[in-house]
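The values are calculated or read from the model by the stated rules, or taken from the named source; none is laboratory data. Everything numeric in this text was worked out from a predicted model, so none of it was measured. Note that each Cβ is placed from the backbone with ideal geometry, even for glycine, and that neighbours are counted across all protein chains shown.
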Amino acid sequence: MTTSIPIVFNNASDPVQLGLVASLNRPGGNVTGVTTVSAELEAKRMGLLRELVPSATSIAVLVNPIRPGVDVQLTQAQQAARALGLTLHILEASSERDLDGVFQTLVQLRAGALTITADGLFADRLDQIAALARRYSVPATFQFREFVAAGGLMSYGPPFGESYRQVGILAGRILRGEKPADLPVMQATKFELVINMKTAKALGIEVPISMQMLADEVIE
């Protein structure tokens, strides 16, 4: 829509693949920003969830089908499921109205757990999703600690506020006269594992001591 107004983004997908920038080091246009690489962490989240629920033989992945970069998320999830020997069910939601139906379908499929992909819709509705996971007794994982604080089982990803702080730094540099084309895309460097022990107990899940020690935070 514009090639002159500076734009700073905060995105979970690969900005090069999406065509936002020419490269991470040299964006080359009027756009730069922050990538949390959350789409590339789907396999990690699924592996941690399988470790928590070793009895699960199938797992569901929740995606927003209209989200740019959803194909990368699905590829990551499918590869991880194959590596773990899991049957993968793909569930879709493109609005908050779809979420109740997603969990009803999940129960009908008898999926052993749910991993929620990085998406703005799901981040905005994480309280609703956590409540649905509790209501339907579904072990679920997401990228943000706030999901676990709301009653979700587990999260693994960058701290929610850190990427926005980096966005502010980039915006400040642009306002002081630097060009987006010359400002490398910033990437998340810190990732946190958070587990809700109360939720685990309600689900009948025994969290291994090794995982509790690995976690950055354990919510009692």
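Annotations for the structure displayed:
- Reported count of residues in segment 101-147, each being closer than 13 Å to V61 by Cβ and surrounded by fewer than 16 Cβ atoms within 10 Å (Cβ to Cβ), is 2.
- Residues that are in contact with a helix residue (DSSP H, G or I) (Cβ under 6 Å, 6 or more places away or on another chain) and of a type in the set (V, I, T) within segment 84-123 comprise T115, I116, T117, listed in sequence order.
- Taken together, the residues in segment 34-45 that are part of a loop (DSSP other than H, G, I, E, B) and surrounded by 21 or more Cβ atoms within 10 Å (Cβ to Cβ) amount to 1.
This table checks each residue for (1) assigned by TED's automatic domain parsing to the domain that holds N196; (2) more than 26 Å from S210 (Cα to Cα).
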site	(1), (2)
T2	no, yes
Q17	no, yes
M46	yes, no
P54	yes, no
V61	yes, no
S94	yes, yes
R97	yes, yes
G101	yes, yes
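- Filtered by the rule that a residue be closer than 30 Å to S137 by Cα and either buried (at least 21 other Cβ atoms within 10 Å of the Cβ) or touching a residue at least 40 places away in the same chain (Cβ under 8 Å) (or both), segment 148-180 gives V148, A149, G151, G152, L153, M154, S155, Y156, G157, P158.
- Segment 13-33, subset part of a loop (DSSP other than H, G, I, E, B) and among the β-branched types (V, I, T), residue nearest to Q143 (Cα to Cα): V16
- Members of segment 181-210 that are in contact (Cβ under 8 Å) with a residue 60 or more places away in the chain, surrounded by fewer than 18 Cβ atoms within 10 Å (Cβ to Cβ), closer than 23 Å to A150 by Cβ and out of contact with any Gly (no Cβ under 8 Å at 6 or more places or on another chain): A202
- Here is the figure for segment 15-29: residues that are more than 18 Å from I66 (Cβ to Cβ) and touching a residue at least 12 places away in the same chain (Cβ under 8 Å) total 8.
- If the condition is being touching a helix residue (DSSP H, G or I) at 6+ places or on another chain (Cβ under 8 Å), at negative phi and of a type outside the set (V, I, T), then segment 10-32 contributes N10, A12, S13, D14, Q17, R26, P27, G29, N30.
- The one condition in (1) more than 30 Å from L203 (Cβ to Cβ); (2) surrounded by 20 or more Cβ atoms within 10 Å (Cβ to Cβ) that R50 fails to fulfil: (1)
- Candidates L91, L62, L20, filtered to the one that is at pLDDT below 95, hydrophobic (A, V, I, L, M, F, W, C), within 18 Å of G120 (Cα to Cα) and surrounded by 17 or more Cβ atoms within 10 Å (Cβ to Cβ): L20
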